[in-house]
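**Q** Attaching a single structure in C-alpha cells format; questions to follow.
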Amino acid sequence: MPSRVLIEGGWVFAGEGDGPFDVVEDGVVAVEGERIVYAGPREGLDPAWQPTRRIDARDKAVLPGLVNAHTHHAMSLLRGYADDVPLMPWLEQHIWPAEAHLTGDDVYWGTLLAIAESLLAGVTTFADMYFFMDRVAQAVLETGVRAHLSRGLIGVAPGADRALAEGKELVANFHGAGEGRIRCALAPHAPYTCPPPYVARVLEAAEALGCPIHTHLAETRAEIEQIRAQYGKSPIRHFADLGVFRHETLAAHCVHLDADDIAILAENRVAVAHNPISNCKLASGIAPVSELLAAGVTVGLASDGAASTNHLDLFEEMRLAANLQKVSRYDATALPAWQVLRLATVGGARALGFDRLGCLAPGYLADIVILDLRAPHLWPRHDLTSLVVYSAKAADVDTVLVHGRVLVDGGELLTIDIERVEREAQERAQRLARLGRGGR
C-alpha cells in the first residue's frame, strides 16, 4: 500500500494554471505514493481519505519544489577557487586546468555536496551537465532527488569521441531510472566548442536515442562576436540552421538576443535556463527574460555551477532575477513576484521536460517544500507570494519531499551523511586546486 502523507494547516500555494498560484490559508496537501491527490482548502479533502503520516504546517508555507534548470553540481568542489575573473579566462586559465584532474569519485562527492546544499535550500530537481555522469546518476538515485542529466560534450577537445560515447551510454543506462526521477540528454557544450560536424554527430545520436539536447547559448558578447565572425550569424540562428532545435532543447543563459533570436527560440519551443547571479558575477550581461516570456518561451530559473555563483540558492536567484528585469527597464512592474516564483517551480519543470511537475495540484508529482515562516524577516504577512520571493531564505526551509518521500525533515537531511560529504569534498577540492595550479 502506498504511503499517505497529509500536510496540513499551512499557506498552500496551489493550482496549475498559467497565472499566480492560489495561496490557501489553513490549506492541506494530500500525497499518496509519489503523487498529489489533493491541494486546497481543508474542507475540500474527502474525509474518508486517511493519512499514514501527518505533517504540521502551521505557520509555514507549502510550495512546489524548486527546480534548478541548469547547473554543474560537482563544480561545488571549485567554489571560491577562481573568483572575480571574466568567463573565458576563468574557464581557460583556472577551471579547465583543475577539471583535467577530476576523477569519478571527485564528481560523486562534489555532486553529493551540491545535492545536500540544494535540498536544504528547497531545490528538489536540477539539470546537470558535467563529466563522469554515471557517478552523478548514482548520487541522484541514492539521495532520492530528481534530475535532468547530460554529459558535457566539447567537440574541439581531445577525447571528444569518447565523451560522445559516454553521453550515449548515460542516456541508454539511466534515462527513466529511479521510477522516472532521471531524464537524460546529450549536451553539445556551446557553439564555440562544438564545430558543425561534431554537432551533426550529436544530433544523429539524439535522433537514434530519442533524447533532448542541453547546451549553452548566447552567454557573452565575445561568443556573439566569435560565432558571427566564423559563421556570419548569431549563435541562435547558427544552432537553428544546424538542426539542433528540431530536438527538444534546453538552452542555458541566452543573454545576448535580438528580436530574431527570440522569435527563433519561440518558434522552435526552445526552453531557456536563466542564470542571473552567474551572468552578473561573470559580467556576461542581463538576459531579456521579460521579452522571452512575452514571446511565449518557457523559462526556468538556474544557479549555474557553484564555481561561478558560489551557492545553489534559488531564493537568491529569484530576487536577483526580478530586480534585474526591473532596473534594466526602469520598470518596477517587470517580472513580478508571482511570475518569478513560477520560473523557479513549474517553469523549470517544463523546461526540463518533466510532465506533471512543479505545481501543487491533483495528479502532479509530490515534490514539495515547506518553509518555516516563524522568523522576524517573514513578518508581517501581507502578500505571501511576495514574502516568499523577496524575503524568504534558504535557511527557512524546514521539510522537503521528492516523489512523495521526505528527504529533509525539520532541517535534517535524511539520505545524506553530511559530515562525511563535507570531509570528502574538502580533501578533494584541495587536491584539485593544487593540481590545477601546477602543483603535485
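The values are calculated or read from the model by the stated rules, or taken from the named source; none is laboratory data. Treat the numbers as computed from the prediction; the structure is a model and nothing was measured. When we count neighbours, we look across all protein chains shown, and the Cβ atoms used for this are built from the backbone with ideal geometry, even at glycine.
**Q** Go through segment 106-129 and report how many residues are in a loop (DSSP other than H, G, I, E, B) and of a type outside the set (A, V, I, L, M, F, W, C). Steps first, please.
**A** First, pick out the residues of segment 106-129 that are in a loop (DSSP other than H, G, I, E, B): 121-122.
Next, only the ones that are of a type outside the set (A, V, I, L, M, F, W, C) stay: 122.
Total meeting the criteria: 1.
**Q** Among 219, 225, which is at pLDDT 95 or above and more than 21 Å from residue 126 (Cβ to Cβ)? Give the steps one after another, and end with the answer.
**A** Details: 219 fails: more than 21 Å from residue 126 (Cβ to Cβ).
Result of the check over 219, 225: 225.
**Q** Scan segment 177-208 residue by residue and report those that are among the hydrophobic types (A, V, I, L, M, F, W, C), under 21 Å from residue 144 (Cβ atoms) and either in a helix (DSSP H, G or I) or not assigned by TED's automatic domain parsing to the domain that holds residue 144 (or both).
**A** Listed by number, the list holds a single entry, 177.
**Q** Going by the structure shown, is residue 410 on the phi > 0 side of the Ramachandran plot and free of Cβ contacts under 8 Å to residues at least 24 places away in the same chain? Full working, then the answer.
**A** Working: on the phi > 0 side of the Ramachandran plot: yes; free of Cβ contacts under 8 Å to residues at least 24 places away in the same chain: yes.
Yes, satisfied.
**Q** Continuing with the same structure: Where residues in segment 63-105 are in contact (Cβ under 8 Å) with a residue 24 or more places away in the chain, part of a helix (DSSP H, G or I) and of a type in the set (Asp, Glu), which of them is surrounded by the most Cβ atoms within 10 Å (Cβ to Cβ)?
**A** 99
**Q** To continue, here is another question. Tell me the residue from 123, 136, 171 that is of a type in the set (A, V, I, L, M) and either within 17 Å of residue 367 (Cβ to Cβ) or free of Cβ contacts under 8 Å to residues at least 40 places away in the same chain (or both), please. Don't jump to the end; show me each part of the working.
**A** Details: 136 fails: either within 17 Å of residue 367 (Cβ to Cβ) or free of Cβ contacts under 8 Å to residues at least 40 places away in the same chain (or both); 171 fails: either within 17 Å of residue 367 (Cβ to Cβ) or free of Cβ contacts under 8 Å to residues at least 40 places away in the same chain (or both).
After ruling out the rest, the residue left standing is 123.
**Q** Under 6 Å between Cβ atoms, which residue pairs at least 6 apart in sequence (or on different chains) link something in segment 184-213 that is more than 18 Å from residue 237 (Cβ to Cβ) with a partner that is polar (S, T, N, Q) and crowded, with 24+ Cβ neighbours inside 10 Å?
**A** What qualifies is 185/150; 187/150.
**Q** Looking at 331, 355, which is the one that is surrounded by fewer than 22 Cβ atoms within 10 Å (Cβ to Cβ), closer than 21 Å to residue 298 by Cβ and without any contact (Cβ under 8 Å) to a residue 24 or more places away in the chain?
**A** When all the criteria are applied, what remains is 355.
**Q** Given (1) surrounded by 17 or more Cβ atoms within 10 Å (Cβ to Cβ); (2) closer than 22 Å to residue 292 by Cα, identify the lone condition not met by residue 394.
**A** Every condition holds for residue 394 apart from (2).
**Q** Name the single residue, out of those in segment 212-247 being part of a helix (DSSP H, G or I) and of a type in the set (S, T, N, Q), that is nearest to the chain's Cα centre (by Cα). Steps first, please.
**A** Initial filter on segment 212-247 (part of a helix (DSSP H, G or I)): 221-231, 235-241, 244-246.
Subsequent filtering for residues that are of a type in the set (S, T, N, Q) retains 226, 230.
Working: 226: 28, 230: 31 Å.
Among those that are part of a helix (DSSP H, G or I) and of a type in the set (S, T, N, Q), it is 226.
**Q** Please pick out the residue among 242, 153 that is in contact with a Ser or Thr (Cβ under 9 Å, 6 or more places away or on another chain), hydrophobic (A, V, I, L, M, F, W, C) and either crowded, with 16+ Cβ neighbours inside 10 Å or modelled with pLDDT of 95 or more (or both).
**A** Details: 242 fails: in contact with a Ser or Thr (Cβ under 9 Å, 6 or more places away or on another chain).
Result: 153 is the single residue among 242, 153 that is in contact with a Ser or Thr (Cβ under 9 Å, 6 or more places away or on another chain), hydrophobic (A, V, I, L, M, F, W, C) and either crowded, with 16+ Cβ neighbours inside 10 Å or modelled with pLDDT of 95 or more (or both).
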